[in-house]
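Trainee: First the structure, which I've put down as structure tokens, then a few questions once you've had a look.
Where a number appears in this text, it was derived from the coordinates with a stated rule and is not lab data. Just so it is clear, the structure is predicted and the values come from calculations on it, not from any experiment. Using ideal geometry, Cβ is built from the backbone for each residue, glycine included, and neighbour counts are taken over all protein chains shown.
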């Protein structure tokens, strides 16, 4: 590198610690290669922040949830069509099948709009989050109310339908996939947990057959469902807290040895040399990035260390890493 490079004018020279390079077998070489890859993280462009990482992760996870729910709703749409063909009638009103298709179309549109090339703000992603979970939730609310009405009016087979499965699915999808603090996750998860109880109470006061069945088995059905949803919500919120804590620890650990690459200075047989800046020291330096396929070769590492030691003896104050 030329001594006239203005980006390196005020950098310091750091001599790398000397190590004895021993010949290694294939397993040792592979372990050394993995260690070299994990030692530092190199980021091109501006300094990374937790918020930027969260935005990227949120978009990826929302798209994943949208695709998974789309697959599930599409499979049930096919199942409803098969039931219609075999029995000659819809399991419920045909309007529910239309609503089902609307949810499928909404999830498909959201999965498409959340593609990697779509640059969405955090606010837009939060709106997408509300739609990804809101569309199925609204459908489940209407569907479960109808299921309670139909099951309670089934004559001698009358019963209170269990309506917790769909809401548990939403709770665990939100807890596992959406990056959040536990405080923020508590709101949607809490709403998903309360929804079945709200449906049960609405049916109890509006559908006489449901009221009669509940009077025959006081508290048993509703209490069981309430306990299930409370446990699911508690598990989901604790899971969000644990996942978020691990994600923050991983982010902090990644930043400790991180360099920001500014521009490519040159390339050679071992790899490429970049003008870079250490994120903690805020000093310009030259970074030589050894090709991954050569990172575990003891001869390449020995040659690289000889270069560093030789350059460190120069009178110039450039930094070499």
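Trainee: If we count other beta carbons within 10 Å of each Cβ, what is the order of 119, 144, fewest first?
Mentor: 119, 144
Trainee: Still on this structure: Taking 0.36 nm per residue of sequence separation and subtracting the Cα-Cα distance, how much length would be gained by fully extending the chain between residue 68 and residue 224, in nm to one decimal?
Mentor: 53.3 nm
Trainee: When a footprinting reagent is the concern and you count Cβ atoms within 10 Å, what order do 228, 313 take, fewest first?
Mentor: 313, 228
Trainee: Sorting check: for 96-108, 237-249, which peptide has the highest mean count of neighbouring beta carbons within 10 Å, and how do the rest follow?
Mentor: My ranking of the peptides, most packed first, is 96-108, 237-249.
Trainee: Separation between the residue 184 and residue 154 pseudo-spin-labels, each 7 Å from Cα along Cα→Cβ, expressed in nm?
Mentor: 4.2 nm
Trainee: May I ask you to compute the full-extension gain from residue 211 to residue 127, defined as 0.36 nm times their residue separation minus their alpha-carbon distance, rounded to one decimal in nm?
Mentor: The residue 211-residue 127 span can extend by a further 26.5 nm.
Trainee: Turning to a different aspect of this structure: Provide the packing ranking of 78-91, 183-196, i.e. peptides ordered by the mean count of other C-beta atoms within 10 Å per residue, highest first.
Mentor: Highest to lowest by the protection proxy: 183-196, 78-91.
Trainee: Could you check the simple spin-label distance between residue 78 and residue 309, using points 7 Å along Cα→Cβ, in nm with one decimal?
Mentor: Once both label points are built, they end up 6.5 nm from each other.
Trainee: On a full-extension model of 0.36 nm per residue, what is the gain between residue 98 and residue 235, subtracting their alpha-carbon distance, rounded to one decimal in nm?
Mentor: Between residue 98 and residue 235, full extension yields an extra 45.9 nm.
Trainee: Separate question: Sequence gap at least 6, Cα distance under 8 Å: using those rules, report the relative contact order of the range 75-170 to the nearest whole percent.
Mentor: Relative contact order comes out at 20 percent.
Trainee: I need 267, 151 ordered by Cβ neighbour count within 10 Å, fewest first.
Mentor: The order, fewest Cβ neighbours first, is 267, 151.
Trainee: While we're looking at this one, here's another question. Once you sort the root eigenvalues of the Cα gyration tensor of the range 50-254 as a ≥ b ≥ c, which label holds: rounded (a/c under 1.5), prolate (a/b larger than b/c) or oblate (the other case)?
Mentor: Note, shape of the range 50-254 comes out oblate.
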